[in-house]
1. Per residue of the chain, what 222 nm ellipticity follows from adding -39500 (n - 2.57) for every DSSP H run with n ≥ 4, rounded to the nearest 500?
2. Go from 0 up to the bin containing the longest alpha carbon distance in the range 5-154, width 10 Å each, and give me the % of pairs per bin.
3. Just to confirm the number: angle between the C-alpha axis of helix 301-323 and the first principal axis of the chain, 0 to 90 degrees, nearest 10?
4. Using only Cα positions of the chain, each an equal point scatterer, no hydration layer, compute I(q)/I(0) via Debye at q = 0.07, 0.08, 0.09, 0.13 Å⁻¹ and quote the log10 values to two decimals.
5. For the range 29-81, count all C-alpha to C-alpha pairs, find those more than 19 Å apart, and express that count as a whole percent of the total.
6. Could you tell me which of rounded, prolate or oblate describes the range 157-316, using a ≥ b ≥ c as the square roots of the eigenvalues of the alpha-carbon gyration tensor, with rounded for a/c under 1.5 and, failing that, prolate when a/b is larger than b/c and oblate otherwise?
7. If r is the Cβ-Cβ distance from GLU177 to MET96 and R0 is 56 Å, what FRET efficiency results, to the nearest 0.05?
8. Exposure proxy check: MET155, MET55 ranked by fewest other beta carbons within 10 Å?
Amino acid sequence: AKSPVTVTVTGAAGNIGYALLFRIASGALLGPDVPVRLNLLEIPQAVKAAEGTAMELNDSAFPLLESVNIYDDVNQAFEGTNVGLLVGARPRTKGMERADLLAANGGIFGPQGKAINDHAADDVKVLVVGNPANTNAYIAAASAPDVPADRFNAMMRLDHNRAMSQLKEKTGTPISEIEKVVVWGNHSADQYPDVSYATLSGKPAIDQLDAEWLSSYFVPTVAKRGAAIIEARGASSAASAASAAIDHVYDWVNGTAEGSWTTAGVASHGEYGVPEGLIFGFPTISVGGEWQIVSDLEISESTRAGIDHNIKAAQEEIDAVKELGIL
Ligand code: NDP
């Protein structure tokens, strides 16, 4: 068997955590031959609930699950971490101003970034799920100066998967035959789902979809899917968010298939005019445990507008964080 991998999950007692942990323990995150040590981080009030989840994890008798440890101390939770899934965040509650939201999350993701810097394994990979994910990932990365910035990702995979789901529903194309979809930008209503390069069973998607459906149905349906789930379910999407986190890390560690790409929220090096360091949804391939941005695409006018809109939104949030003195 391979050597065990330490996976730290924050907000482990929450809804996404409950959907996520069992799939990690089953081998879906890293592969069917990789033993896992789980570290669960929670705030003190939620430690008891996390203990309940840990009891269930142990009772599932997963052959790959070596251990489950629960912490309310961030430094202990990230000791030796190889993969960090940062799920716990401060949600926006009624009447909360954006500045309050950013300040509350700065207070969570700053210290977590520092703890990762000081205690995690040298090969640590971090995926931020908790919203506002792109900005939280930026804050964590900025708080971890000794960890390469490309190890901090924001989850755009749920948006990517939602786009795939809409294309399947519209055209009947099996998911396995839908390629080269991308969701540019932020995990927020600003995001730009784009099928300019997509193929359905090997043929260009834009030849099979009308422009009106794309602009007035596809884009807003993907971007507002979270709200539609809340409306239908009476609760935020949780299992699909967990599933997307699994997909993201699996591909990051094990590589994307030859000739295909996915969407990951990764630090820009200036690709497509996105300012360096912004964590942004790009078309990406994964090779040897590292993401590479697909950087040679021809950009249409509408894609350009979508990217620019997201640059502005992401940059404004970072500027607000800096003004608040969080960074
Ligand atoms: P969830 O597990 O449902 O959600 C957690 C985070 O994920 C939220 O920021 C949420 O953002 C985000 N998220 C939710 N749905 C999606 C989605 N579809 N796509 C992408 N992101 C999504 O929240 P719970 O309230 O059930 O659980 C949160 C847990 O985190 C609690 O147990 C709390 O105690 C814990 N926590 C732990 C901290 C720590 O470990 N230091 C710090 C803060 C909280 P959104 O608000 O937009 O839905």
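Read the figures in this text as sums done on the coordinates, not as results from a lab. The structure presented is a predicted model; accordingly, all values stated were derived computationally and were not measured. Cβ atoms come from the backbone with ideal geometry, glycine included; neighbour counts cover every protein chain shown.
1. -12500 deg cm²/dmol
2. 12, 43, 35, 9, 1
3. Its long axis makes an angle of about 30 degrees.
4. Debye curve over Cα of the chain, log10 I(q)/I(0) at q = 0.07, 0.08, 0.09, 0.13 Å⁻¹: -0.26, -0.35, -0.44, -0.95.
5. 32 percent
6. Here the range 157-316 falls in the rounded category.
7. Approximately 0.85, to the nearest 0.05.
8. Result, fewest neighbours first: MET55, MET155.
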